[in-house]
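Everything on this sheet refers to the single structure shown next.
A short reminder: the numbers here are calculations on the coordinates, not readings from a lab. Predicted, not measured: the structure shown is a model, and the values here were computed from it. When we count neighbours, we look across all protein chains shown, and the Cβ atoms used for this are built from the backbone with ideal geometry, even at glycine.
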Amino acid sequence: MQVPFLNLKAQYLSIKDEIDEALKSVIQDNAFIRGEFVEEFEATFANAMGVKHCVSVANGTDALEIALRAFQVGPGDEVITVANSFIATSEAVTRVGASVVFVDCMPDTMSIDTCEIESKITKKTKAIIPVHLYGNPADMDEILEIAANHNLVVIEDSAQAHLADYKGRKTGTFGHAATFSFYPGKNLGAYGDAGAIVTNDYKIAKYARMYANHGRVGKYDHEFEGSNSRMDGLQGAILHVKLKYLKEWTTRRQGVAALYRKLLGGLDEVILPEVTSGASAVWHLYVIRTKKRDELKAYLAKKGIQTGIHYPIALPNLKAYQYLGHQPQDFPVASLNQDRMLSLPIYPEMTDEMVEYVTGCVREFFS
Ligand SMILES: *Cc1c(COP(=O)(O)O)cnc(C)c1O
């Protein structure tokens, strides 16, 4: 049996007629940049999230950068985020001219260690960017309390957590704003780059929308210099079609995760992922940990099973952040995890047989 890490083709085939029809409409209407299809998606996504505003942008990295700019985070400011994420999270902080301050993750949920946040707050701290990594919500109650005590902006990086739930509310609705990526492999993925910022704050939404479109109010009436970070019509139309299926797809991801948990339970050599208390994860990734990570990865590859590592070098340990002068032992959990994590395949199109095959091979490896 072959188990790819993802199967976007199977997903396309399951909704092919609707997608093809949507693409045709965009082209016939020449609605290439923003336009009616993008606006329709923005309205539907805001509604699904239960927020007032959804501002589409070109990708999830821009979404973070523009959100930070909207809150006037810039030179002289510090922004706290987690040591284990994709570089886009910290990159956005640097791009607006602020300084990134990393916090280690927790050993069980691999989410930002809320106990460590307070010790990293200084007079310069302006914002916290929690990441709902792997689709598992960060501990928002703790984060919001800290943020309120220190008057900090909270921007949720929800790139991996579309419609995840924390204590009965969607993640992405807790902070002052949240950002999304619709990169093709994300739980809600476009057929190219796309992203969005959601917020209940009209002023933030308005600024973000203008910034992403050259700071314009009219066609050639620019109130400030912004950028070109617009979602294109084809992506808007695709996302609008796919959003209808997201709930069903998420339920299947949760089914796959539950089956992994059942079939891998009791293996002493493997640590299974834990969900944050009170949360319901949407399982963008299923990340197990083992001391024999590299051997297991090679063994599974030989068995036709593709796996991934997210991420093999924790952010503070990257060459890109050498200038901060951190040592791996400054972030003991993230640094240990980078050598032990392994992402098993998880996607809605995975069958029970595929999960059984993967878990069978994992058990075989350890026996
Ligand atoms: C994918 C991702 C991003 C960036 O999104 P792009 O659309 O690829 O720019 C940001 N943060 C996290 C956690 C991500 O996984």
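So which of K170/K247; K170/K262; K16/K170; K9/K242; K186/K242 end up more than 18 Å apart, counting from Cα to Cα?
Flagged as over cut-off: K170/K262; K16/K170.
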One finds the C-alpha centres of the stretch 321-352 and the stretch 250-314 to be spaced, in Å, by 12 Å
Write down, largest first, the equivalent ellipsoid semi-axes of the chain in whole Å, where each equals the square root of 5 times an eigenvalue of the alpha-carbon gyration tensor.
33, 28, 17
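Compute, for the stretch 212-316, the length of the dipole vector about the Cα centre, with Cβ point charges of +1 (Lys, Arg) and -1 (Asp, Glu) only. Units Debye, rounded to 20.
Working: 17 positive and 10 negative charges, 110 e Å.
Computed charge dipole of the stretch 212-316: roughly 520 debye.
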Taking the Cα centroid of the stretch 1-57 and of the stretch 109-184, what is the distance between the two, rounded to the nearest whole Å?
26 Å
Ranked list, fewest to most other Cβ atoms within 10 Å of each Cβ, for H222, H162:
H222, H162
With charges set only on the Cβ (+1 for Lys and Arg, -1 for Asp and Glu), what does the dipole of the chain come to about its Cα centre, in debye to the nearest 20?
260 debye
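Between the DSSP loop rule and a limit of at most 16 other Cβ atoms within 10 Å, which trypsin sites (Lys or Arg not before Pro) in the stretch 1-66 are left? Show your work: numbers first, answer last.
Numbers: sites: K9, K16, K24, R34, K52; in loops: R34, K52.
Qualifying residues, ordered by number: K52.
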Distance in nm between I33 and D20 label points, each 7 Å along Cα→Cβ, equals 3.0 nm
At a temperature of 20 °C and a viscosity of 1.002 mPa s, determine how fast the stretch 67-203 diffuses translationally according to Stokes-Einstein, using the Kirkwood radius over alpha-carbon pairs as Rh; express D in µm²/s, rounded to the nearest whole number.
144 µm²/s
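For the chain, give me the percentage of DSSP beta bridges that are antiparallel, rounded to the nearest 5 percent. Each step should come with its number before you reach the end.
On the way: 24 of 40 bridges.
Beta bridges within the chain, antiparallel portion: roughly 60 percent.
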Simple spin-label estimate for E118/K291, 7 Å along Cα→Cβ, in nm, reads 3.5 nm
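For the stretch 268-367, report the convex hull volume of the alpha-carbon atoms normalised per residue, in Å³, without decimals.
On the way: hull volume 13.7 nm³, N = 100.
Given the Cα convex hull of the stretch 268-367, per-residue volume reads 137 Å³.
Please find the FRET efficiency linking S277 to Y220, where r is the Cβ-Cβ separation and R0 is fixed at 45 Å, and quote it to the nearest 0.05. Mind showing how you got there, number by number?
Numbers: r = 52 Å, r/R0 = 1.16.
The computed FRET efficiency comes out at 0.30.
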What helices in the chain pass both tests, a Cα length along the helix axis of 30 Å or more and a mean Kyte hydropathy of -0.5 or higher, using whole DSSP H runs?
233-264
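Would you list F365, F5, F182, F102 from fewest to most Cβ contacts within 10 Å?
Working: F365 19, F5 15, F182 31, F102 26.
In increasing order of surrounding Cβ atoms, one gets F5, F365, F102, F182.
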What is the calculated FRET efficiency for E145 to E356, with r their C-beta to C-beta distance and R₀ = 30 Å, to the nearest 0.05?
0.10
